[in-house]
Amino acid sequence: MKSPFNKSLYIGFLLLGLYQAIFSKDYMEAAASLGIGLAFDPFDTAQTWNDRPTWQKAVLVLHLALVAAMFGFGIGLNDK
């Protein structure tokens, strides 16, 4: 089941998170927005993880790594 609604929400939260990180420099909010974006899987949700193509797995794992990096920046840069 491909849902354009999920894809729109995913892209929206991805763009919001990138805006918060790049322009607002609010890394904790960026981590939250990017993390929420992961809940809206832009790919076929009926497909199991093992059946997904490698590039889809890579996109989602890189997105998760970006969330972790923003969380780390948020904690590290606010440690004053």
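If you check Ala58 against the conditions, is it open to solvent by 40 Å² or more (accessible area, probe 1.4 Å) and assigned to a helix (DSSP H, G or I)?
Taking the combined requirement at face value, the residue satisfies it.
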It is to be established whether one or more residues within the stretch 37-46 are in a helix (DSSP H, G or I), modelled with pLDDT under 95, among the small types (Gly, Ala, Ser) and under 21 Å from Gly12 (Cβ atoms). yes
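Specify which of the listed residues (Ala31, Ala69) is surrounded by fewer than 16 Cβ atoms within 10 Å (Cβ to Cβ), part of a helix (DSSP H, G or I) and modelled with pLDDT of 90 or more.
Among Ala31, Ala69, only Ala69 is surrounded by fewer than 16 Cβ atoms within 10 Å (Cβ to Cβ), part of a helix (DSSP H, G or I) and modelled with pLDDT of 90 or more.
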Within the stretch 1-24, restricting to residues that are without any contact (Cβ under 8 Å) to a residue 40 or more places away in the chain and outside any helix (DSSP H, G or I), the one that is least open to solvent (accessible area, probe 1.4 Å) is Ser24
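The values are calculated or read from the model by the stated rules, or taken from the named source; none is laboratory data. Keep in mind that what you see is a predicted model, and the values were worked out from it rather than measured. Virtual Cβ from ideal backbone geometry, glycine too; neighbours counted across all protein chains shown. The accessibility values were calculated without ligands, DNA or RNA, using every heavy atom of the protein model including side chains. Shrake-Rupley method; radii C 1.70, N 1.55, O 1.52, S 1.80 Å.
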